[in-house]
1. So, in the range 17-69, how many residues would count as being more than 15 Å from S7 (Cα to Cα), free of Cβ contacts under 8 Å to residues at least 40 places away in the same chain and in a strand (DSSP E or B)?
2. If we keep just the residues of the range 17-29 that are more than 16 Å from N96 (Cβ to Cβ) and within 17 Å of the chain's Cα centre (by Cα), which is least open to solvent (accessible area, probe 1.4 Å)?
Amino acid sequence: QVQLVESGGGLVQAGGSLRLSCAASGSIFSVAGMAWSRQAPGKQREMVATVTAGSITSYADSVKGRFTISRDNAKKTVYLQMNSLKPEDTGVYYCNLKYLAFTSWGQGTQVTVSS
């Protein structure tokens, strides 16, 4: 059983920054791929950034150059540093863990960017 708990969301003005954290329980964090996704009101959930167990990262085109995903295996935590935030970045941000056929999702944290 793996539980994921996101934190760090909030209200920020356009151009500002936020750092999201996702803490995992269990013993498979270091061998699992991690990702951040987001869901805006009335829209489908979309992948924002991923990091493999070997720390290879990938990003959605809409956030490249502004967001950075990282992981700390000792703390079982994955981060999403978000800079130069835009109103269209508003949504609920979810982290998820994937290992082989197993996937776990957190409950999400709200990010609101005001113009």
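The values are calculated or read from the model by the stated rules, or taken from the named source; none is laboratory data. From a predicted model like this one, the values you see are computed outputs, not experimental measurements. Cβ atoms come from the backbone with ideal geometry, glycine included; neighbour counts cover every protein chain shown. For accessibility, only protein heavy atoms count, side chains too; no ligands or nucleic acids. Shrake-Rupley method; radii C 1.70, N 1.55, O 1.52, S 1.80 Å.
1. 10
2. Out of the qualifying residues, it is L18.
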